[in-house]
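Asker: Mind having a look at this structure? Questions to follow.
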Amino acid sequence: MKLYNNENILKDGQKLIIRTAEEGDAQGLIDLLRTVDSETKFLAREPGEFNFTLEQEREFIRGMMEDDNKQLLIGEINGRIVANCSVGIVVNNKRYLHRATMGISVRKKYWNRGIGKTMINECIKWCKEKSVEQLELEVVTQNSRAISMYKNLGFEVYGTKKHALKYSDGTYADEYYMILFLNGGLFLPS
């Protein structure tokens, strides 16, 4: 697997390093995921639900590193992991190989600095290099900040999944299914 490392200057002047996650990042990723799960209702897990051990997280990272059809990126500021973004080709069957899915999380303290957009652009670039034709994601319909960012990147809503999430208080959230068409797909953003 090719290791990726790129330096970016954010809107606020801080330096963001985006790089491939490595086994040594396991504890930092565990800390990130436990933190972001408690900062927003827009992610897949309830606070405290992420329970990978250090070795399980290392194994997960190792698996991502060894799979040419997946990429796990981390965003670092001053040596601290503040975001992660994963992208992977849907490889269940040959008929799905033109598609990839992605997910992203950013610590709340670092929102509105351009980190999400920068990391997603790296995933888009990876998809183009892999000849992926469409990049897909799901987002909670109330997450207007993320939806706006995705639309600005060229993603469009193609459906709504009713009651996609059920919170511990018994309420539900719907999710939009969004797609960005790339490399000769149906839609090429300008």
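Bear in mind that the values in this text are calculations on the coordinates, not laboratory data. None of these values were measured; they are calculated from a predicted model. Cβ sites come from the backbone with ideal geometry, for glycine too, and all protein chains shown count toward neighbours.
Asker: Pick out, from 86, 40, 153, the residue whose Cα sits farthest towards the positive end of the charge dipole of the chain, with +1 on the Cβ of Lys and Arg and -1 on the Cβ of Asp and Glu.
Answerer: With unit charges placed on the Cβ atoms, the residue in question is 153.
Asker: Rounded to two decimals, what ratio of Rg to Rh does the chain give with C-alpha atoms and a Kirkwood Rh?
Answerer: Rg/Rh: 0.94.
Asker: Search the structure for amide H atoms under 5 Å from the amide H of residue 82, placed 1.01 Å from N in the peptide plane, and list their residues when 5 or more places away or on another chain.
Answerer: Sorted by chain and number, the residues that satisfy this are 75, 76, 77.
Asker: About the Cα centre, and with charges only on the beta carbon of Lys, Arg (+1) and Asp, Glu (-1), how big is the dipole of the range 1-135? Nearest 20 debye, please.
Answerer: 620 debye
Asker: Hey, got a sec? Which GluC sites (Glu not before Pro) in the range 40-80 land in a DSSP loop and have at most 13 other Cβ atoms within 10 Å?
Answerer: Qualifying residues, ordered by number: 49.
Asker: Using the 10 angstrom Cβ neighbour count as an exposure proxy, how do 9, 120 rank, fewest first?
Answerer: Ranked by crowding around the Cβ, least crowded first: 9, 120.
Asker: What is the fewest-to-most order of 126, 111 by other Cβ atoms lying within 10 Å of their Cβ?
Answerer: 111, 126
Asker: Write down Rg/Rh for the range 1-74, rounded to two decimals, with Rg from the C-alpha atoms and Rh from the Kirkwood relation over Cα pairs.
Answerer: Value, to two decimals: 1.01.
Asker: Could you name the aspartates and glutamates whose alpha carbon sits less than 19 Å from that of residue 70, not counting residues in the same chain fewer than 8 places away?
Answerer: Correct list for residue 70: 22, 23, 25, 57, 59, 122, 129, 133, 136, 138.
Asker: Any of 15/117; 130/161; 15/128; 11/108 with alpha carbons more than 18 Å apart? Name them for me.
Answerer: Table pairs above 18 Å Cα-Cα are 130/161; 15/128.
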